[in-house]
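The values are calculated or read from the model by the stated rules, or taken from the named source; none is laboratory data. Since this is a predicted model, take the numbers as computed values, not measurements. As a convention, Cβ positions derive from the backbone with ideal geometry for all residues, glycine included, and neighbour counts pool all protein chains shown. Ligands, DNA and RNA are excluded from the accessible area calculation, which covers all protein heavy atoms including side chains. Shrake-Rupley method; radii C 1.70, N 1.55, O 1.52, S 1.80 Å.
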Amino acid sequence: SKAMQLRTQRPTIPHPQKITSWDDDIPYILSRKSTQEVPSFTFVGRKFLFEAMQAQRARARHTALIGMRKMGKTTFVKRYYDYLFSRSNEVIPFFFSLNNLDEKDNTRKTVLKLAEEMMITFLSQALAFLIQDKLLANNKDLEILLNSLETLPLEQKQRYYEPIHNAIRSWYEDGISLPLYTMVQRSIDVTLQMRFYFDLSPVVILDEYQEIGRSFLDQDGKPYNCIPMLCKYHCEEDIFLLLSGSGLTTRMEKALPPAIEYRVDKVRFRALVKAESKELVRRTIKALNIKVFPEIEEELYKRVDGNPYFIQAVLYPNPAYSDKYQKAKDFSSLKGLEEAYLFECTELGGAIYEFWHWYLIRNWRSYPKIVGLGQNVYKILDFLVKHKDTWVSVKELIAYMKRPIPLIARMVFHLERMDLLEWNHDSNMVFVNKEPTIVVTVRALKYTLFYPEDPAELKRTETLGTY
């Protein structure tokens, strides 16, 4: 066949737009494109991180982005996919999110469904890249993929139909293999087939990767983890794996087996630097067409420390705010900014309050085994927030908590991994000042949410102290 005759020749990718750098106007492929009705908040910055990913890929070093939720990890990896899709002639990008609803529901996917959906997504993205079809890059429907293959122009059909159609056929013909995680490996392997047929190295981006160990079911509906599945690729230099997910910050060892964990480089994903934060504020203001006072970029940076989600939470309209104050947010003065900021951080319905409520309370209360840990962590944060301008010795914290030293160390280590405090391991001092909103929000979090056995808050002073 012509496809096999051309196997050793890399195809020419018909990029409709010339992209030369990360700073160019990269077309939106996976990311949401702005419309007049629903303006998107244009992607800003992350150039150094992009350059780091390019270097990691060149060195064939699998990479995990770790960092707190709502920092923009998913937005970044989608834009990285967009960049490679629109620019590359040597690698072929793939993206798949493992996000799988609430693990307490009975709506979790089976491993077989996960593997099938991954295969369809990857082969759709392969064809989409080869023919530069943006819509196909987001496809998860087998019929749409098959119809796209059938309707290819003659020259493209001669080159691409056979390899992709054969990959689909063989995936199903091989039947169910055990252990079940090998089905997911089979789907990842279709990306390596692109290397064989088209001399294009796969870049496989797996978002929300922490879910691989806890959110899927076997054929009998019982929980099943796919943690061993990446062991197959730990020395595979023909593929670059980029993992992302906030859960990797605190649960890396529960998502990757030891055989590959030490071969995956961890890259910390932090807030935007000051210049990028200000640029995002400017673009958001322009997109929302709001009037602001001149120093708003600097003042907002002080309050949210470059977190892109928090920036947008403060500036974006909030119906709960309008209900309380009977007016829209007003950013024409510092007073108006402060009012909007405090609402978002301290009130039910505030986006930042809801974020910390989930991060510090709801998430822990979903798992009875660690409610006690959550209560103690909240107590530590409450203590440190009251001492937010000074370093506190771990000895002082132990005396206040009246808990065993190993437990205190575990909780402080947990908060350090969550980027909620700094811990100087040489002097054994801790300091909470890395995230401005946590200082405001911890004081507003409802005591009874952590201590439901004391709804009247009769023991609040006894529990948290007065210091």
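Overview of values
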| quantity | calculated |
| --- | --- |
| Output for segment 374-400, where each listed residue is assigned to a helix (DSSP H, G or I), open to solvent by less than 10 Å² (accessible area, probe 1.4 Å) and at pLDDT 85 or above | Leu397 |
| Asp199 vs. criteria at pLDDT 95 or above and either in contact with a Gly (Cβ under 6 Å, 6 or more places away or on another chain) or acidic (Asp, Glu) (or both) | no |
| Leading residue by the ranking (farthest from the chain's Cα centre (by Cα)) among those in segment 162-185 that are part of a loop (DSSP other than H, G, I, E, B), surrounded by fewer than 18 Cβ atoms within 10 Å (Cβ to Cβ) and touching a residue at least 12 places away in the same chain (Cβ under 8 Å) | Asp174 |
| Output for segment 136-161, where each listed residue is within 20 Å of Ala115 (Cβ to Cβ) and open to solvent by 60 Å² or more (accessible area, probe 1.4 Å) | Asn138, Lys140, Asp141, Glu143, Ile144 |
| Subset of segment 18-33 (residues that are open to solvent by 80 Å² or more (accessible area, probe 1.4 Å) and more than 17 Å from Arg46 (Cα to Cα)) | Lys18, Arg32, Lys33 |
| Criterion: at pLDDT 95 or above, of a type in the set (A, V, I, L, M, F, W, C) and open to solvent by less than 20 Å² (accessible area, probe 1.4 Å) - qualifying residue of Phe129, Phe76 | Phe129 |
| Which listed residue is among the charged types (D, E, K, R) and either modelled with pLDDT under 70 or touching a Gly at 6+ places or on another chain (Cβ under 8 Å) (or both), from Arg362, Arg403, Arg410 | Arg362 |
| Close pairs from segment 301-313: first under 18 Å from Phe269 (Cβ atoms), partner of a type in the set (Asp, Glu) and part of a helix (DSSP H, G or I), Cβ under 9 Å, at least 6 apart | Gly306/Glu276; Pro308/Glu276; Phe310/Glu344 |
| Segment 184-242: number of residues that are closer than 30 Å to Tyr161 by Cβ and not polar (S, T, N, Q) | 29 |
| Every residue from segment 347-356 that is open to solvent by 40 Å² or more (accessible area, probe 1.4 Å) and either on the phi > 0 side of the Ramachandran plot or not in a loop (DSSP other than H, G, I, E, B) (or both) | Glu354 |
| Which listed residue, of Ser97, Ser21, Ser34, is modelled with pLDDT of 85 or more, within 19 Å of Leu135 (Cβ to Cβ) and of a type in the set (Ser, Thr, Tyr) | Ser97 |
| Members of segment 222-254 that are of a type outside the set (A, V, I, L, M, F, W, C), open to solvent by less than 40 Å² (accessible area, probe 1.4 Å) and in contact with a Ser or Thr (Cβ under 9 Å, 6 or more places away or on another chain) | Ser244, Gly245 |
| Failed item, numbered, when Ile188 is tested on (1) in contact (Cβ under 8 Å) with a residue 40 or more places away in the chain; (2) part of a helix (DSSP H, G or I); (3) open to solvent by 40 Å² or more (accessible area, probe 1.4 Å) | (3) |
| Residue under evaluation Gln219, criteria (1) part of a loop (DSSP other than H, G, I, E, B); (2) at pLDDT 85 or above; (3) among the polar types (S, T, N, Q); (4) open to solvent by less than 50 Å² (accessible area, probe 1.4 Å), criterion not met | (4) |
| Pairs with Cβ under 8 Å, 6+ apart, first in segment 101-119 and under 30 Å from Ile164 (Cβ atoms), second at pLDDT below 60 and part of a loop (DSSP other than H, G, I, E, B) | Arg108/Leu101 |
| Per-region count, segment 259-274, residues touching a Gly at 6+ places or on another chain (Cβ under 7 Å) and of a type in the set (Phe, Trp, Tyr) | 1 |
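Okay, residues lined up against (1) at pLDDT below 95; (2) closer than 27 Å to Tyr181 by Cα; (3) in contact with a Ser or Thr (Cβ under 8 Å, 6 or more places away or on another chain); (4) among the aromatic types (Phe, Trp, Tyr):
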residue	(1), (2), (3), (4)
Pro93	no, yes, no, no
Asp102	yes, yes, no, no
Thr107	yes, yes, no, no
Lys113	yes, yes, no, no
Leu136	no, yes, yes, no
Asp141	no, yes, no, no
